[in-house]
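The values are calculated or read from the model by the stated rules, or taken from the named source; none is laboratory data. None of the values given here were measured: they were computed from a predicted structure. A quick note on method: Cβ atoms are made from the backbone with ideal geometry, for glycine too, and the neighbour counts reach across all protein chains shown. What goes into the accessible areas is simple: the full protein's heavy atoms, side chains included, and nothing from ligands, DNA or RNA. Shrake-Rupley method; radii C 1.70, N 1.55, O 1.52, S 1.80 Å.
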Amino acid sequence: MKFVSRAVVMACMLAPAALLWSGSAQAQFAKPEDAIKYRKAAYTVMGTHFGRIGAMVQNRIPFNAQQAQMNAEIVEMASKLPFDGFVAGSNQGDTRAKAEIWSQADKFKTANDNMVRAVAALNVAAKTGNADNLRAAFGQAGQTCKACHDDFRRE
């Protein structure tokens with residue numbers, strides 16, 4: 001049953017990615033609001049599963065290597081999705097995205113790439129089954145999230 005649940009979650013998460021990989025990101029969104037909804041949904045999934053790992057590394061819940069691995073896999077996959085949702089015109093509306101995302105696009109891309117790499121390292125650490133490895137990688141990934149939020153997200 002756990003395998004089915006995991007497979008269903010991964011399939012649901014990969015479907016939007018498949019749409020993006022089939023053409024340009026701009027073509028995938030009929031309206032800028034759709035891009036905003038897409039990236040917010042991806043960040044919500046990523047944040048939820050990152051938070052579950054955080055609860056373990058902060059000893060708020062018992063460490064469970066299998067759960068840590070599952071959550072880290074989802075976080076890594078979801079980390080690759082939001083960037084494509086920052087299309088032209090999606091700086092207006094229900095978003096906390098700062099204008100600097102577009103005016104400092106290279107810096108934003110670098111911040112995004114740093115996060116994706118750190119989250120991949122988190123997934124590798126989770127696969128070791130070692131809570132200390134996970135804790136160290138979690139801290140590094142969290143720093144990349146904070147750096148991007150500080151520079152590119154309104155509160």
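What the table below lists for this structure:
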| read-out | value |
| --- | --- |
| Charge context of Cys148, other residues only, Cβ under 14 angstrom, K/R +1, D/E -1 | +3 |
| Asn130-Arg60 pseudo-label distance in nm [points 7 Å out on the Cα-to-Cβ vector] | 2.6 nm |
| Accessible area (Å², per residue) of region 73-155, counting only protein heavy atoms and a probe of 1.4 Å | 51 Å² |
| Net charge of neighbours whose Cβ lies under 12 Å from the Cβ of Phe83, counting Lys and Arg as +1 and Asp and Glu as -1 | +1 |
| Lysines whose Cα lies under 18 Å from that of Lys146, excluding same-chain neighbours fewer than 8 positions away | Lys40, Lys80, Lys98, Lys107, Lys109 |
| Region 108-155 - percent of accessible surface contributed by carbon and sulfur, probe 1.4 Å | 53 percent |
